[in-house]
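Everything below concerns the one structure shown next.
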Amino acid sequence: MDEQTLIQLLGAEQRNIKLIERYFEDIEIIQEFIQTYGKQFLVRFCQVVQVKEYKMNEILIEQGNYVNYFLLLMQGEVQKIISRKDYELVQFGPIAETLFITCQPSKYMYIASQDSIICLIRKDEFLRVVKRNTITMSLVNELLQYPLYSEFSQKLLEQITLRSQIKQFVTWQIVYDINEEPNYFYIIKKGEFQIQYTYLNKFRPLVILAKGDFFGSAEIIKKCNREYRVVCVSADAELLCLQKLQFQIFMQYNPQFQEVLSKNQDNKSEEYKELVKHDIKTLSESKPLLRQKISVHLESQFVPIRKINQNQIKSLHQLYTERDFHLKQLLQTRWDRIQKDKTVTSKERNFQKNPRLKLFLEQLESVRSKSLQKFKQTSQTQQTLQTHRRKITDIPKKEDYIDVIHNSTQNLPHVSPPISSRYMKIIFKN
């Protein structure tokens with residue numbers, strides 16, 4: 001099958017998946033995916049894959065950028081530029097697949113050295129193709145353990161996980177701020193997040209939410225801007241993010257989802273308001289006691305001193321000392337976690353999470369090394385043939401031989417011709 005026929009098949013409105021499958025069956029990396037994820041992978045792959053034509057010297061991947069597409073080279077050549085002099089050629093198969101799978105930025109630039117045809121899939125679509133069963137089922141099983149989501153049906157949770165995106169967050173990264181428009185509903189998959197409010201132009205902690213909690217639904221339901229700030233507190237955290245439109249669709253067409261969320265959200269909003277009031281009260285009461293000004297009367301001989309309840313001051317001092325102690329401990333634990341995370345690279349962390357991925361990448365490297373050895377052997381044989389091959393036009397003609405012989409005879413010394421036998425007889429007779 002030619003590449004032009006593949007372009008026509010993929011450009012059609014109704015794809016003939018059986019014909020497209022024949023084209024991708026023999027590629028090694030796709031065979032590896034079929035072994036790990038089953039035969040349905042190829043069907044889903046053929047439904048989503050797209051084709052793009054790159055011209056000569058057109059950049060595929062820039063240095064320092066993340067690889068957001070799964071790329072397969074079908075025709076042409078791509079150069080992986082290591083330095084000004086060194087480069088590697090890719091003539092067929094996947095391009096920068098390890099960077100795509102491990103979510104790392106590219107150290108090198110990839111350029112099309114010829115007019116080439118490349119099949120590509122976006123990252124979110126590829127994750128749906130590859131991890132549709134694994135991600136959804138594992139997440140659904142995790143969410144069903146919590147009492148809040150146990151009221152939902154399994155199909156509803158599967159739909160939520162399929163339509164939501166997974167986003168990663170780092171310490172002190174803001175998820176959303178006060179007075180922002182609500183665009184997402186969030187479920188905590190991993191890590192901890194802190195809700196903050198403002199008092200006297202300062203952000204103060206209110207509540208810490210952990211794995212399984214949700215937030216961001218109140219403002220979408222009320223149709224108002226964000227009331228609080230949400231900040232990531234742990235070093236490595238993940239959120240399931242459901243878009244506003246998808247959330248509203250679930251609220252309209254799933255009464256069970258609407259009832260559970262509205263009840264929990266009302267309770268949470270009331271709790272948050274009470275906590276804010278209580279916190280502001282404690283702050284307003286504690287400040288005047290510690291920073292109390294003494295009024296001085298210059299006319300009198302003695303300075304009057306206001307009476308303060310000593311028990312109140314002692315209890316407040318104890319509270320502040322205990323709070324400082326706990327905060328220091330918490331900061332120390334967080335710092336230790338950050339130091340540990342610095343020693344481990346993102347690649348090793350991905351391998352620890354998914355050891356199957358490590359085996360898969362090792363198999364890819366072995367296959368690539370074998371293909372490179374074959375390519376080097378074929379290139380060496382071609383070079384030897386080119387050196388030993390002589391063209392027909394280079395062979396000298398008959399006229400050139402005659403000219404060479406004539407020139408050589410002219411340079412030889414003069415020699416008398418040989419004496420005939422008859423002349424010799426006459427001499428001897430005489």
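The values are calculated or read from the model by the stated rules, or taken from the named source; none is laboratory data. These numbers come from a predicted model, not from an experiment. Surface areas here come from the heavy atoms of the whole protein model, side chains and all, with no ligands, DNA or RNA. Shrake-Rupley method; radii C 1.70, N 1.55, O 1.52, S 1.80 Å.
To the nearest 10 Å², what's LEU144's accessible area with a 1.4 Å probe?
The accessible area of LEU144 comes to roughly 60 Å².
Please report the accessible area of TYR87 (heavy atoms, 1.4 Å probe, ligands and nucleic acids excluded) in Å², nearest 10.
So the heavy atoms of TYR87 present about 120 Å² to solvent.
Less than 16 Å apart at the alpha-carbon level, and either on another chain or at least 8 residues along: which aspartates and glutamates does that give for LYS189?
GLU142, GLU158, ASP213, ASP236, GLU238
How would you classify the range 66-126 from its alpha-carbon gyration tensor, with a ≥ b ≥ c the square roots of the eigenvalues: rounded for a/c under 1.5, else prolate if a/b is greater than b/c, otherwise oblate?
oblate
Working with all protein chains in place, sort GLU271, GLU181 by solvent-accessible area computed with a 1.4 Å probe, largest first. Walk me through the numbers before you get to the answer.
Values: GLU271 105, GLU181 135 Å².
Largest to smallest exposure gives the sequence GLU181, GLU271.
Please arrange LEU99, LEU245 by accessible surface area, largest first, computed with a 1.4 Å probe and ligands excluded.
The ordering from most to least exposed comes out as LEU245, LEU99.
I need the per residue convex hull volume for the range 42-160, using only the alpha carbons, in cubic angstrom as a whole number.
Details: hull volume 13.4 nm³, N = 119.
Hull volume normalised by residue count: 113 Å³.
Can you give me the % of accessible surface on the range 2-105 that is carbon or sulfur? Probe 1.4 Å, all protein chains present, nothing else counted.
Ligands and nucleic acids excluded, carbon and sulfur reach 43 percent.
What accessible surface, in Å², does a 1.4 Å probe find on ILE166, ignoring ligands, DNA and RNA and rounding to the nearest 10?
Accessible area of ILE166: about 70 Å².
From the cross-link list LYS123/LYS340; LYS328/LYS353; LYS55/LYS80; LYS52/LYS123, which pairs have alpha carbons spaced over 21 Å apart?
Values: LYS123/LYS340 29 Å; LYS328/LYS353 31 Å; LYS55/LYS80 16 Å; LYS52/LYS123 16 Å.
Over 21 Å apart, Cα to Cα: LYS123/LYS340; LYS328/LYS353.
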